[in-house]
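Participant: Below is a structure I'd like to ask you about.
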Amino acid sequence: MRSLFIALSITLLLHTQLLPAQSQGHVWYFGDHAGLDFATSPPTILTDGSNDFQNGILWNEGCSSISDAEGNFLFHSNGEQVWDRNQNLMPNGDGLLGHSSSTSAAIIIPIPESDQLFYLFTCDAWEDDFENGLRYSIIDLCLNDQFGDVTEEKNIVLNAQAAEKVCAAKHDNGVDYWLIVHERSNDAFLAYLITAEGIESPVQSNIGPTEVLGWGGQMLVSPNREMLAYCQLGLEEFSQSLLLDFDASTGLFSNHRIFAVGNRDYGISFSPDNSKVYVSTLGFGSLRQYDLNAGDWAAVVDSESLIVSPTIDNFREQRLGPDGKIYISRTGVAALGVIEDPNAAGLACNYVDAGQPLGSGIASFGLPFFLSDFDYHNQSPTYDTAQLLSATNFEICSGAALSIQAIFDPPVSEEDLIWSDGTLGSTLSIEPIASEQYLLELSDDCLGVISFTFSVDVVHNSQPTVLNLEICEGETLDFEGQLLVSNEVYNYAYTDQFGCDSLVQILTTELPANTAQREIALCPNESYNLNGQEFSAGESTSLLLPQETTCDSLIEYTFFEAEKYLELRDTSLCLGQPFIYESIDYSDTENPEIPYTAANGCDSTILFQINRDEQGIGELLFPNSFSPNGDGQNDSFGPLLKGQFPSQYSLQIFDRWGKMLFESSNPEVAWDGSYKGEQVSLAVFVWYCRYEMIGCEGLSQEFEAMGNVTGLR
């Protein structure tokens, strides 16, 4: 027997590290019931969001939305509440200690290497005197029937000194994240490393001007994670827009530079190719572009291009969308401004005022923060069953040892795996004797039990193949060169086409010769020709008939002399009435003897006994046999109408079980041996007849008669 080891590689999408698909920011909810879905182009307008203006004030400054790597929306928050993918408030999703007026009211970051957990960071606002600082809560998407909920880790203080400036970026290792915080009343930048183990102590960089007031102004990391841009909003002398270099591997900041001072800059963003920075102001709003590739810093500052001249408008946050365009929030307007080609220099960037309608939604200060390069996938793991089946449809002999190991990438706990026979772990050892299906179940903390069904195809059955052969009496049978005799058991071992050891067992039985007896009646002085030889009554012979597919047949013939029939018939006639039979007048003969052919084909005689009286009433005569073989002689059964004809008549014929086969009210209609158009098997039948005969001078008499009739071939 062959022993096989099969490794089934199972990749769960739940755990797989996917390449960034830039779909995590496909769904935005912001402002007052405003929303966009970037799965289409142009984006689809959404108005089903639960976000609204708090207390009727045009805030909803900071917010965050998150989808998975395929663009499936997960949840969103305004820092005070968190809603699930169906826009329902999570059961424990109220009472978050962010503030809707904080520029960084909510930031969502997935916990690295987790398939279900997220950090929701919330930040208090200047209007609340920063009382609650920067806090975090943990969202578990396995809770609330996989719609998610806030766990018991809720509103945990992370930094009480944080300003309204918080953003995040991915670590250079491609797994972990940096949460970046600027504290108020000092120049400290803190970078908290977020790993699968938790939030580490921050890396601190003291650089740039002091954050005096700590209120509004956007802060974000460039797409290539090499720069950080932010705006300090305050009194004119404290209002400025700045740029720093960022090391995504260490979390340190350096090379502090200032774009402009005193403009009340609020919104800031990078072009997708990291070559341009866009800065917008509030109040008398303007939109400016800086070319980071212009040369030294003085050249960068001099490269300023006025895209939108100062106008009475409220430009607020900017956000680079999944479609490569930059969207600008304009407070109280049912549309967003759009920079159509942000990589282009100057007016070629093509800013369109109100370029993205919001339907019935209204924009506010902020647009949702999202991480565009995280790897979470919230769908149930799937597996291509056909691929799995093809991997296990291998040729295996019955009873061969088989070891199957399921390999998961990344690995899962052996304790979470169980096979259909109760075996724990990733390996199953079996010795199947027949094709069978096997079930492997993986217990997942979030999705419950995930089942994998596959088949092992056994191409050979270890049970011997049994052949039952019949051998005719006195003969032998050639099988693979060996002569087999009857009533024996033979075993043959061989290797089948799959290379498996196989066994054929032959059971022989004796089939007796086919012998039949035939008796043939011969009329007197008649002979019978059989294969050219004449036989007479009293003789016998045997005839062997060779057969190709069955045993030879032996027929034994016996010839005997058929009985000579003499049929007596009583016939009543009126005085002086002639006797005519088959058109011949026998009136001058007292008791005529008339020759005829009997049912057996032999010559016979009918003896008529003529009775003449004044009544002249006679009974009907019925034969005791007939031969419905179509030879024109005695082919039907009925009364012998010789001389008299009944005035009323009913004949019924039954088989031996009482089933009526024939019925007639006409004495000239006889039975031809059929039932419903099909010939019946010839046997002995019962007949019953009621009739009325008319005699001389109008006399009549009713009769009942019954008897048996034999059908002959």
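The values are calculated or read from the model by the stated rules, or taken from the named source; none is laboratory data. Bear in mind the structure is a predicted one, so any value in this text is a computation, not a measurement. Every residue, glycine among them, receives a Cβ derived from its backbone with ideal geometry; neighbour counts consider all protein chains shown. In case anyone asks, the SASA skips ligands and DNA or RNA and just uses the protein heavy atoms, side chains included. Shrake-Rupley method; radii C 1.70, N 1.55, O 1.52, S 1.80 Å.
Participant: Scanning segment 472-492 for residues that are open to solvent by less than 90 Å² (accessible area, probe 1.4 Å) and modelled with pLDDT under 75, which turns out nearest to Cys397 (Cα to Cα)?
Facilitator: Tyr492
Participant: Out of all the residues in segment 68-95, which are modelled with pLDDT of 90 or more and open to solvent by less than 10 Å² (accessible area, probe 1.4 Å)?
Facilitator: Of everything in segment 68-95, those that are modelled with pLDDT of 90 or more and open to solvent by less than 10 Å² (accessible area, probe 1.4 Å) turn out to be Leu74, Phe75, His76, Ser77, Asn78, Gly79, Val82, Asp84, Met90, Gly93.
Participant: Every residue in segment 587-621 that is modelled with pLDDT of 75 or more and open to solvent by 40 Å² or more (accessible area, probe 1.4 Å), please.
Facilitator: Hits for segment 587-621 are Asn591, Glu593, Pro595, Glu619, Leu621.
Participant: Keeping to segment 133-180, report how many residues are out of contact with any Ser or Thr (no Cβ under 8 Å at 6 or more places or on another chain) and of a type outside the set (A, V, I, L, M).
Facilitator: Of the residues in that region, 14 qualify.
Participant: Report every pair of residues separated by at least 6 positions or lying on different chains whose Cβ atoms are under 7 Å apart, first residue within segment 319-330 and closer than 17 Å to Thr281 by Cβ, second assigned to a loop (DSSP other than H, G, I, E, B) and modelled with pLDDT of 95 or more.
Facilitator: Every condition considered, the pairs that remain are Ile326/Pro342.
Participant: Here are some conditions: (1) closer than 21 Å to Ala348 by Cα; (2) assigned to a loop (DSSP other than H, G, I, E, B). Ala299 meets all but one. Which one does it not meet?
Facilitator: (2)
Quick grid of which residues meet (1) touching a residue at least 24 places away in the same chain (Cβ under 8 Å); (2) open to solvent by 20 Å² or more (accessible area, probe 1.4 Å):
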| site | (1), (2) |
| --- | --- |
| His171 | yes, yes |
| Tyr177 | yes, no |
| Ile180 | yes, no |
| Ala191 | yes, no |
| Ile199 | yes, yes |
| Pro223 | yes, yes |
| Ala229 | yes, no |
| Gly234 | no, no |
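Participant: Still on this structure, I have one more. Out of Ser67, Ser50, Ser114, I need the residue that is under 38 Å from the mean Cα position of the chain (by Cα) and free of Cβ contacts under 8 Å to residues at least 40 places away in the same chain. Which one?
Facilitator: None of the other options fit; the residue is Ser50.
Participant: Applying the selection to segment 324-367, what residues are in a strand (DSSP E or B), in contact with a Leu (Cβ under 9 Å, 6 or more places away or on another chain) and β-branched (Val, Ile, Thr)?
Facilitator: Ile326, Ile328, Ile339, Ile362
Participant: Now a separate question. For segment 200-218, which residues satisfy the criterion of being β-branched (Val, Ile, Thr) and within 16 Å of Asp247 (Cα to Cα)?
Facilitator: Result: Val203, Ile207.
Participant: Okay, next question. In this structure, is Tyr565 modelled with pLDDT under 80, open to solvent by less than 90 Å² (accessible area, probe 1.4 Å) and of a type in the set (Ser, Thr, Tyr)?
Facilitator: Yes; evaluated as a whole, the condition is true for this residue.
Participant: Then there is this: Just give me the residues in segment 302-318 being assigned to a strand (DSSP E or B) and either free of Cβ contacts under 8 Å to residues at least 24 places away in the same chain or not aromatic (Phe, Trp, Tyr) (or both), in sequence order.
Facilitator: Listed by number, the residues that qualify are Ser305, Leu306, Ile307, Val308, Ser309, Pro310, Thr311, Ile312, Arg316, Glu317, Gln318.
Participant: Would it be correct to say that Val157 is part of a strand (DSSP E or B), in contact (Cβ under 8 Å) with a residue 24 or more places away in the chain and surrounded by fewer than 17 Cβ atoms within 10 Å (Cβ to Cβ)?
Facilitator: It is true that Val157 is part of a strand (DSSP E or B), in contact (Cβ under 8 Å) with a residue 24 or more places away in the chain and surrounded by fewer than 17 Cβ atoms within 10 Å (Cβ to Cβ).
Participant: I need every pair where a residue in segment 415-434 that is touching a residue at least 24 places away in the same chain (Cβ under 8 Å) and over 12 Å from Ile404 (Cα atoms) has its Cβ under 7 Å from the Cβ of a residue that is aromatic (Phe, Trp, Tyr) and open to solvent by less than 50 Å² (accessible area, probe 1.4 Å), sequence separation at least 6 or different chains.
Facilitator: Taking only residues 6 or more apart or on different chains, not a single pair turns up.
Participant: I've got another one for you. From Glu663, Glu692, which residue is modelled with pLDDT of 85 or more, surrounded by fewer than 15 Cβ atoms within 10 Å (Cβ to Cβ), in a strand (DSSP E or B) and in contact with a Ser or Thr (Cβ under 6 Å, 6 or more places away or on another chain)?
Facilitator: Matching residue, one of Glu663, Glu692: Glu692.
Participant: Let me ask something else about it. Please list, ordered by first then second residue, the pairs with beta carbon atoms under 7 Å, 6 or more apart or interchain, first in segment 477-499 and within 14 Å of Leu467 (Cβ to Cβ) and of a type in the set (D, E, K, R), second surrounded by 11 or more Cβ atoms within 10 Å (Cβ to Cβ) and at pLDDT 75 or above.
Facilitator: Matching pairs, first to second residue: Glu488/Thr508.
Participant: Tell me yes or no: at least one residue of segment 514-526 is closer than 30 Å to Asp478 by Cα and at pLDDT below 75.
Facilitator: Within segment 514-526, one or more residues are closer than 30 Å to Asp478 by Cα and at pLDDT below 75.
Participant: Taking segment 636-679 as the region of interest, how many residues are over 23 Å from Glu582 (Cβ atoms) and acidic (Asp, Glu)?
Facilitator: So the answer is 3.
Participant: Among the residues of segment 700-713, what is the count of those that are in a loop (DSSP other than H, G, I, E, B) and in contact with a strand residue (DSSP E or B) (Cβ under 9 Å, 6 or more places away or on another chain)?
Facilitator: Residues that pass the stated criteria total 1.
Participant: Which residue is farthest from Phe118 (Cα to Cα), if the candidates are limited to segment 201-221 and must be open to solvent by less than 20 Å² (accessible area, probe 1.4 Å) and in a loop (DSSP other than H, G, I, E, B)?
Facilitator: Only one residue tops the list, namely Glu211.
Participant: I'd like to know if segment 368-384 contains one or more residues that are modelled with pLDDT of 85 or more and either assigned to a loop (DSSP other than H, G, I, E, B) or open to solvent by less than 10 Å² (accessible area, probe 1.4 Å) (or both).
Facilitator: Within segment 368-384, one or more residues are modelled with pLDDT of 85 or more and either assigned to a loop (DSSP other than H, G, I, E, B) or open to solvent by less than 10 Å² (accessible area, probe 1.4 Å) (or both).
Participant: I'd like to check something: does segment 101-116 contain any residue that is small (Gly, Ala, Ser), within 30 Å of Val449 (Cα to Cα) and open to solvent by less than 20 Å² (accessible area, probe 1.4 Å)?
Facilitator: Scanning segment 101-116 turns up no residue that is small (Gly, Ala, Ser), within 30 Å of Val449 (Cα to Cα) and open to solvent by less than 20 Å² (accessible area, probe 1.4 Å).
Participant: For Thr281, are the conditions met, namely being open to solvent by less than 10 Å² (accessible area, probe 1.4 Å) and more than 28 Å from Asp37 (Cβ to Cβ)?
Facilitator: Considered against the rule, which asks whether it is open to solvent by less than 10 Å² (accessible area, probe 1.4 Å) and more than 28 Å from Asp37 (Cβ to Cβ), Thr281 comes out as yes.
Participant: Continuing with this model, one more query. For segment 514-530, what are the residues that are small (Gly, Ala, Ser) and free of Cβ contacts under 8 Å to residues at least 40 places away in the same chain?
Facilitator: Ser527
Participant: Got a number for residues in segment 254-269 being hydrophobic (A, V, I, L, M, F, W, C) and either outside any strand (DSSP E or B) or buried (at least 22 other Cβ atoms within 10 Å of the Cβ) (or both)?
Facilitator: Going through segment 254-269 one residue at a time, the tally reaches 1.
Participant: May I pose another question? Could you check Ile139 against (1) touching a Gly at 6+ places or on another chain (Cβ under 6 Å); (2) modelled with pLDDT under 95 and say which number it fails?
Facilitator: (2)
Participant: Which of the numbered conditions does Asn629 fail, given that it passes all the others? Conditions: (1) at pLDDT 85 or above; (2) of a type outside the set (Asp, Glu); (3) out of contact with any Asp or Glu (no Cβ under 6 Å at 6 or more places or on another chain).
Facilitator: Single failed check for Asn629: (1).
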